[in-house]
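This report refers to the structure that appears directly beneath it.
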Amino acid sequence: MKNEILLKRNYLLYDKNIKSKNFAHFAVKLLDSYAVEVDKPEFLTEEHIKLISEFYEDNIPESFYQNPQDLNNFTCDELYIEQLVSYFTIDINGTFTTDKEVYKRKEIFSKVFPSYFEGDELKIRLYTMINEDEATKILNDVMISFCKYTRPWSDAEFYDFMWLFMNGYYKGEPVLCKDNLITILFNFKAMEFAKYLDKKDIVKMSRQRYGDKSYFTIDKGDAIIFKIAIESCKDCPLSKKQAKYFNIIAKKCGAKVEKQTNEKSPYKYAKKLIKDGKVYEAALVFAENGSLLERNIVWLLSRASIEELPKILDLIKFSNPIVLMQLLQKIIEDNGTTCRTFVFSFNSRVKVHYETEEEHKVRKSILSIGVKTALINTLKDKIESYYKSMPNLGKIYISDEFKKVAVPFNTSAMGRGLDVLPTGSRLPISGEYIRAFCYWNNAFDIDASIAFIDKDNNNHNLNWTNYTRKMFDNDALHSGDVRGKDGSEFIDLNIEGLKNRGIKYAIFILNGYGDNLNTGKIYCGYQNKNNIETKAWSPKNIELKIHVEGDSRFYAGFAIDFEKNEIIILNQISASDNRVISRGDYEAYMIYLKPSLLEFVNLYNILSIRGELVNTPEEADYVFDNRFVSSSDNENQQIIKATQIEKLVSLLK
């Protein structure tokens, strides 16, 4: 696990006392097979080759080598017959089996296919060789960064934290996110963290474990945790509903505390003040209770008088810039004239609520253009003021690619893998084609599909139900429906061809047909292609690969902006049981498809506030660059890549 944590951050651990005579061979092997370069090749051993091989996953299902471009050699009728025969022979009894042979695609029509060559599309990845002392420092920094999160960890981040915690890297740093504190309590039984919780957190714990129902039997182990947490947590105002659930769980676990009421609830008091026309006074009540002011700012501003507006805006705190950025995103997205899409994360899954027309008609919290502009400017000023007040980082070098990297404030549903950037980040498309892929081992029947969105906002889905129709001719070809416990599906896209057809965006989706996406190993990603008639799989031309895992059937991997010629990272598990993509599924991700979002929340803008920008990385104290390898004697120089999300989070809060 230690090696995996380091590998994900582009480090290779070496023993300075071990040098192999064959290190030159190993260096060539890494470059030839995986396009991996290292800064100290003289310390490479055969063990490093094995580590990279396992991390890059050479165990690719056989179907990955059946090139999807073969589809242009078949007519639609031939594909349809082949699909029907395959379905009938595979599932003739209506039952599923894990026998690989049973689920092999049946070849009905034979064609002469071209011989695919290797291709010259390489993705060079640089790895830094580090010794044990350097690894210890890096792992300590990773742990400190995890503790500074103000949002929930993703599953991958939790597993990293768990290993670091169990192996002594935790040194008593405060854990800032309450959701992460709750995770620690139930997974490590580390009750010393309970003192950082308040009574609202106890309610959240109860609802996460037992839902909204008041009738449940509490687990004995849970009862001990709840009892200690309730008796040591901090006091705070509760709403009527929160007080009800707090009292229920306190009684069930035998905690000795007073019965709670909503007499001190800020919502109760604020509602009364707003009803009496005292909106500024209501804002003062919210401002004294955590981030309630920021969460209710639109409600307040939509009801405030002209005299109250500037005073309420002045109350907005800048103690948590991530909250302000999230608020900024919502304000920019809401135009007040159409039904809103509410997107939030819960239990590492994206949940969506669509405002109905009836809800929209009675909505009162709509800001005028003037108030909205004032709020956006205020939020920008507050965010900038926060970072100017933070300790100066000294001289900073930031590469241009960081202008396309989003601030990582919405990554709680993310998977990790090779070069996974924060949700909303953009990558240039370097080839004429995109090959979007997925493959799996010991899962069952994962389906890859793409939702195409045209300039009129109409969607056209390409998936296992309709790929035989070749609706986009040879500009978008699906490899076909592959089933069984090991398999792969992938889709070739002609960028210019689809753009000429009026396609504006495309979203690459995975659906678990046989089960949720939390069994076996499931991966997805994409390759840039200059010539489509190239080898279907090679780890050295993978631009992005994500390990997908979540208790859901639906996952959005990435999108394509055909006008900007860019990939947009989504990387989100969605709380959906859909086996094919629906309009509601992709609408949840439309905010990330708008280039204007990055104008406000990209890393370049935020990091540049924290120090003096310099022109070359050699002279900088902090280098934000994905390819720079230090050759200077500056031991204190820090080099941070865009994929080192936990480090970036620690610098943003």
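What the table shows:
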read-out: Residue, nearest to THR45 (Cα to Cα), within the stretch 6-23, restricted to residues that are at pLDDT below 90 and outside any loop (DSSP other than H, G, I, E, B); value: PHE23
read-out: Test: SER631 is part of a helix (DSSP H, G or I), of a type in the set (Gly, Ala, Ser) and modelled with pLDDT under 85; value: no
read-out: Hits in the stretch 209-226 (condition: closer than 18 Å to GLY254 by Cα and under 34 Å from the mean Cα position of the chain (by Cα)); value: ARG209, TYR210, SER214, PHE216, ILE218, ASP219, GLY221, ASP222, ALA223, ILE224, ILE225, PHE226
read-out: So PHE117, is it closer than 30 Å to TYR65 by Cβ and surrounded by fewer than 17 Cβ atoms within 10 Å (Cβ to Cβ); value: yes
read-out: Output for the stretch 577-597, where each listed residue is closer than 16 Å to ASN461 by Cα and in a helix (DSSP H, G or I); value: ARG583, GLY584, ASP585, TYR586, GLU587, MET590
read-out: For GLN83: the one exception among (1) of a type in the set (S, T, N, Q); (2) touching a helix residue (DSSP H, G or I) at 6+ places or on another chain (Cβ under 9 Å); (3) not in a helix (DSSP H, G or I); value: (3)
read-out: Among (1) touching an Asp or Glu at 6+ places or on another chain (Cβ under 8 Å); (2) crowded, with 18+ Cβ neighbours inside 10 Å, the one test that TYR56 misses; value: (1)
read-out: Some residue of the stretch 85-99 being at pLDDT below 85, surrounded by fewer than 13 Cβ atoms within 10 Å (Cβ to Cβ) and aliphatic (A, V, I, L, M); value: yes
read-out: Residue match in the stretch 537-554 (condition: surrounded by 16 or more Cβ atoms within 10 Å (Cβ to Cβ), part of a helix (DSSP H, G or I) and among the basic types (Lys, Arg)); value: yes
read-out: Selection count where residues are surrounded by fewer than 16 Cβ atoms within 10 Å (Cβ to Cβ) and closer than 14 Å to TRP299 by Cβ, scope the stretch 240-277; value: 2
read-out: Residue under evaluation GLU82, criteria (1) modelled with pLDDT under 85; (2) at positive phi; (3) crowded, with 18+ Cβ neighbours inside 10 Å, criterion not met; value: (2)
read-out: Residue match in the stretch 125-147 (condition: touching a Ser or Thr at 6+ places or on another chain (Cβ under 6 Å), more than 30 Å from VAL28 (Cα to Cα) and in contact (Cβ under 8 Å) with a residue 60 or more places away in the chain); value: yes
read-out: Candidates ILE581, ILE542 - the one that is out of contact with any Asp or Glu (no Cβ under 9 Å at 6 or more places or on another chain), assigned by TED's automatic domain parsing to the domain that holds ALA448 and either among the charged types (D, E, K, R) or on the phi < 0 side of the Ramachandran plot (or both); value: ILE581
read-out: Options GLU646, GLU618; residue that is in contact with a Phe, Trp or Tyr (Cβ under 6 Å, 6 or more places away or on another chain), assigned to a helix (DSSP H, G or I) and outside the structural domain of GLN326 (by TED's automatic domain parsing); value: GLU646
read-out: Any strands (runs of 3 or more DSSP E) falling wholly within the stretch 392-461 and containing at least 1 residues that are more than 23 Å from the chain's Cα centre (by Cα) and not charged (D, E, K, R); value: 395-398, 433-441
read-out: Test: residue in the stretch 558-576 that is assigned by TED's automatic domain parsing to the domain that holds ASP481, modelled with pLDDT of 80 or more, in a strand (DSSP E or B) and basic (Lys, Arg); value: no
read-out: Per-region count, the stretch 208-223, residues surrounded by 15 or more Cβ atoms within 10 Å (Cβ to Cβ) and outside any loop (DSSP other than H, G, I, E, B); value: 4
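The values are calculated or read from the model by the stated rules, or taken from the named source; none is laboratory data. Model, not experiment: these values are computed from the prediction. Ideal geometry is used to build each Cβ from the backbone, glycine not excepted, and the neighbour counts take in all protein chains shown.
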